[in-house]
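> Got a structure here, written out as structure tokens. Questions coming.
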């Protein structure tokens, strides 16, 4: 762990409405767009009743930049009006990490 | 955000083997046990091909304590030998949080 360089995670937890028309197209667009963002390191996204999406970033400035990206702002607004009943966003500093491979 | 008190998140990302006999019973036991741990704040868990479980804790000591809990050590060992192809554990400090309710 000596050389571990901290980075950031955004934990996005959500529940969706029953009718989420237009959501999957927008999610696909955002998936493409986020990869082009400065400081983006990767993302994992899983949904059952609750959805958890965790994106990883080099620093807080990169997270802020993505939050304010113009097309992402439109997606966020649509999310609040059309798709999400509830969501929670947590900005986290990743301090340690370990991995297992079988 | 003035009064926000930082806490910790453990992001556990994993892929499982095809045959995971005994896993669901153990997962149920661990779900019960983790709730009794000192400093435990909550947990969200979702699985498709990849699983993401995020648990929330008051401090690093509580995370360390849970990692070393005796029944949990048995579960971790079984996880490595029997159930997981791969997993990653990230210890994170939650620095900011916001929520949306429709």
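> Please compute the Cα-Cα pair-distance distribution of chain A with 5 Å bins starting at 0, giving whole percents from short to long.
Percent of pairs per bin, in order: 2, 11, 20, 25, 19, 11, 6, 4, 1, 0.
> Also, quick follow-up: Mind checking Rg over Rh on the protein assembly as shown, alpha carbons, Kirkwood formula for Rh? Please report the intermediate quantities before stating the final value.
Working: Rg = 17.5 Å, Rh = 18.2 Å.
Over the Cα atoms of the protein assembly as shown, Rg/Rh equals 0.96.
> Something else now. Put a label point 7 Å from Cα along the Cβ direction on residue A:48, then list its distances to the equivalent points in the other copies in nm, shortest first.
1.4
> Also: For a Förster distance of 45 Å, can you work out the FRET efficiency between the beta-carbons of residue B:28 and residue A:70, rounded to the nearest 0.05? Don't jump to the answer; show the numbers that get you there.
Numbers: r = 46 Å, r/R0 = 1.01.
Result of the calculation: an efficiency of 0.50.
> Hey, another quick one. How much mean residue ellipticity at 222 nm does chain A get from its helices, if each DSSP H run of length 4 or more adds -39500 (n - 2.57) and you divide by all residues, to the nearest 500 deg cm²/dmol?
Working: 3 runs with 30 residues, N = 102.
After summing the helix terms and dividing by the residues of chain A, the value is -8500 deg cm²/dmol.
> Under a plain spin-label model, where a point goes 7 Å from the Cα along Cα-to-Cβ, how far apart in nm are residue A:88 and residue B:85?
Placing both labels 7 Å beyond Cα along the Cβ direction yields 3.1 nm.
> Identify which of B:52, B:11, B:20 has the largest mean-square fluctuation in a Gaussian network model of chain B, with springs joining Cα atoms closer than 10 Å.
So, out of B:52, B:11, B:20, the one fluctuating most is B:20.
> Please report, for residue B:29, the nm distances (one decimal) from its label point, 7 Å out from Cα along the beta-carbon direction, to the equivalent points in the remaining copies, shortest first.
Shortest to longest, the spacings are 4.9 nm.
> What's the center-to-center distance, using Cα atoms, between the stretch B:64-102 and the stretch A:49-102 in Å?
Distance between centres, Cα-based: 19 Å.
> If you take the Cα Rg of the stretch B:55-95 and divide it by 2.2 N^0.38 Å, with N the number of residues, what do you get?
Working: Rg = 11.9 Å, N = 41, 2.2 N^0.38 = 9.0 Å.
For the stretch B:55-95, the normalised Cα radius of gyration comes out at 1.32.
> How far, in degrees from 0 to 90, does helix A:23-35 lean away from the longest principal axis of the Cα atoms of chain A, to the nearest 10?
The two axes meet at around 30 degrees.
> Report the relative contact order of chain A, percent, no decimals, based on alpha-carbon pairs under 8 angstrom and at least 6 residues apart.
On the way: 135 pairs, mean separation 48.9, N = 102.
Relative CO of chain A lands at 48 percent.
Here, each number is a calculation from the coordinates, and none is a lab measurement. All values derive from a computational prediction rather than experimental measurement. As a convention, Cβ positions derive from the backbone with ideal geometry for all residues, glycine included, and neighbour counts pool all protein chains shown.
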